[in-house]
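The values are calculated or read from the model by the stated rules, or taken from the named source; none is laboratory data. All figures in this text were calculated on a predicted structure; none of them were measured in a lab. Methodologically, a virtual Cβ is constructed for each residue, glycine included, from the backbone with ideal geometry; neighbour enumeration extends over all protein chains shown. When the accessible area is computed, the model is the full protein with side chains, heavy atoms only, and any ligands, DNA or RNA have been set aside. Shrake-Rupley method; radii C 1.70, N 1.55, O 1.52, S 1.80 Å.
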Amino acid sequence: MVAETPRESRHDEIEAILESKASGVKPVRDEVDKYTVVGPARRDTFANWVTPIEEHFVCHRNDIPDGDADAWTVSLTGQVEAELSVSEIADGYPTVAVAHTMECAGNGRGQHDPETGSVQWGFEAVATAIWTGAPLESILRDHGVAAAEGTWLTAVGGDPADGDDVFARSIPLEKAIDDCILAFEMNGEALPREHGYPVRLIVPGWYGVNNVKWVEELRVTNSMVGQGSLDRPGEHAYWQQEAYRIHPRNAPPEANETIETVDTWEQLEGAVDHPYTFDANAMSVIGTPDGESPVTPKADGTVEIRGVAWAGDDAVARVEISTDGGATWDDAELFGPDYAGAWRLFRYDWNAEAGRHSLVSRATDELERRQPATISAPDAWRDALENDEFPWNEGGYAANAYEPNGVTVEVRPADGSTKNE
Ligand SMILES: Nc1nc2c(c(=O)[nH]1)N[C@H]1C(S)=C(S)[C@@H](COP(=O)(O)O)O[C@H]1N2
Ligand SMILES: [Mo]
């Protein structure tokens, strides 16, 4: 392997992004600054349904392209041939907004033991924003493309490739037509450059990597992107067929033209050899109390535990809370907005005794798939799930174990004796 050195351009870019984010936002870098990655400043980001742009994580590998909306175009290729300007996308089709919980498939990677490569995220690489744009359904229909089983839509990013790897990701055409949009606004503002300006793909409920930023080509074909699929130089297969695949140690995944099962958890249960990271697995994070400072119960002796839970494009059916480190559990209440592809808020009134307590949450989706307790040792692979463990995998992808996301909280006596602290 060739030793890699940090890229100067990347370093400056991270600094610029940090300036635009909330104070205290931390960069979470890999060894060579290959990924521009920024996480929110505080755990209490996860006590709210909408994530402000300044707290939304950022993750990409290449330098941000210098595109201007006036000059940018998106080509439709493969079974279609057309070129759309950004104003045609914005003005020629219905404007819609979708709520999307975007989780980097590498979220939780830092919880793998032994450590896996790349950015050591804890639980911070997830956020929910309102994305405004044009439905792919309208755009594709206008060009004579209808949903068809076994057909894929490949989105190509206009970011300059690092080395030869073109940033290209494929999703089933059915998902594209069902609820995906080409977004040009985020939380009601023009899309920030680092989040994909002038136009990005939003794939509600699916891992971040599927949400291609700086989209310049949408290709409709009968297979996922593989080497040689695109009419351009470079390596086309890396981001779909190699990176972001879940596989055990020393087991490089093989490329597929198509797969029957896209649900990530179903793939993990055995449907696909080396699963692709498509829809997000069931997950939850407690946002408050945040463990940063002691909490004082209300007059009735309770402390509200509040957080968020999501399950990709499946619904969250249940969230349980443990206030004793996972020994006993009680149901939390789901409340607030309920959109497919976006997280739900949960709350729980905790009768909090003074002292230190370890709080944990775990979500179950509508198909009864519950977050496992821990990440397995390497080599457990498929057996892990039966033991309430998430399979350790070489890329550190799609981890949704609950124990590592817990928070330790100090509760003050409720009698107010420490009020003046
Ligand atoms: N063109 C392009 N799109 C990309 C990426 C990239 O490197 N290039 N990174 C992906 C990954 S891995 C993630 S997690 C999300 C992050 O989106 P955000 O930075 O807006 O949070 O963008 C995705 N889209
Ligand atoms: Mo990611």
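About the centre of its Cα atoms, the chain shows a dipole size close to 680 debye [charges on the beta carbon of Lys, Arg (+1) and Asp, Glu (-1) only; nearest 20 debye]. Rounded to the nearest 10 degrees, the inclination of helix 8-20 to the longest alpha-carbon principal axis of the chain is 50 degrees.
For region 367-380, backbone phi angles converted through the Karplus equation (6.51, -1.76, 1.60; θ = phi - 60°) give residue-by-residue couplings of 9, 6, 8, 9, 4, x, 6, 9, 9, 5, 6, x, 6, 5 Hz, Gly and Pro being listed as x.
Rounded to the nearest percent, how much of the accessible area of the chain (1.4 Å probe, protein heavy atoms only) is carbon and sulfur? The C+S portion of the solvent-accessible surface of the chain is 44 percent. Only lysine pairs 8 or more places apart, or on different chains, with alpha-carbon atoms under 23 angstrom apart are counted in the chain, and they number 7. Averaged over its residues, region 283-411 has an accessible area of 41 Å² per residue, based on protein heavy atoms and a 1.4 Å probe.
Each residue of region 145-154 was assigned a 3J(HN,Hα) from its phi angle through the Karplus curve 6.51 cos²θ - 1.76 cosθ + 1.60 (θ = phi - 60°); the sequence is 9, 10, 4, 8, 4, x, 9, 10, 10, 9 Hz, with glycine and proline shown as x.
Between His60 and Thr36, the built amide H atoms are under 5 Å apart, and every one of these is 5 or more places off in sequence or on another chain.
Evaluated on region 161-252, the Kirkwood hydrodynamic radius is 14.4 Å, with distances taken between all distinct Cα atoms.
Between Ser20 and Val96, full extension at 0.36 nm per residue minus the direct alpha carbon distance yields a gain of 24.7 nm.
With springs connecting C-alpha atoms under 10 Å apart, model the chain as a Gaussian network and identify which of Asp300, Asp44, Asp349 has the largest mean-square fluctuation. Fluctuation is largest for Asp300.
In a DSSP loop and with at most 13 other Cβ atoms within 10 Å, the GluC sites (Glu not before Pro) in region 314-386 are Glu353, Glu366, Glu368. For the options Glu149, Glu83, Glu124, a Gaussian network treatment of the chain with springs between C-alpha atoms closer than 10 Å singles out Glu149 as fluctuating the most.
In percent, rounded to a whole number, the relative contact order of the chain is 16, using alpha-carbon pairs under 8 Å and six or more apart. Using the 1.4 Å probe convention, the accessible area of region 122-184 works out to 30 Å² per residue with neighbouring protein chains retained. Here's how it looks for Ala148: its modeled amide H is under 5 Å from those of Glu174, which are all 5 or more places away or on a different chain. Shown for the chain is the translational diffusion coefficient from the Stokes-Einstein equation, using the Kirkwood radius over Cα pairs, a temperature of 25 °C and a viscosity of 0.890 mPa s: 111 µm²/s. Karplus-based coupling profile of region 331-348, in residue order and whole Hz: 6, 8, 9, 8, 8, x, x, 9, 10, 4, x, 10, 6, 9, 7, 10, 9, 8, with θ = phi - 60° in 6.51 cos²θ - 1.76 cosθ + 1.60 and x standing for Gly or Pro.
The tail of the calculated P(r) for region 199-345 beyond 28 Å holds 39 percent of all Cα-Cα pairs. DSSP loop GluC sites (Glu not before Pro) in region 9-65 with at most 12 other Cβ atoms within 10 Å of their Cβ, which ones? The qualifying sites are Glu31. Taking amide H as placed 1.01 Å from N in the peptide plane, the amide H of Ile181 sits under 5 Å from that of Leu136, Ile202, each at least 5 places away or on another chain. Assuming a viscosity of 1.306 mPa s and a temperature of 10 °C, what translational diffusion coefficient in µm² per second does Stokes-Einstein assign to region 79-133, Rh being the Kirkwood radius over Cα pairs? D = 110 µm²/s. Taking only the C-alpha atoms of region 131-211, the Rg (one decimal) and the largest Cα-Cα distance, Dmax (whole number), read 13.0, 36 Å. A viscosity of 1.306 mPa s and a temperature of 10 °C, combined with the Kirkwood radius over Cα pairs in Stokes-Einstein, give a translational diffusion coefficient for region 283-411 of 104 µm²/s.
Summing Cβ point charges (Lys, Arg +1; Asp, Glu -1) relative to the Cα centre of region 283-411 gives a dipole of roughly 260 debye. In the elastic network of the chain, a GNM with C-alpha springs shorter than 10 Å, the most mobile of Arg232, Arg245, Arg219 is Arg232.
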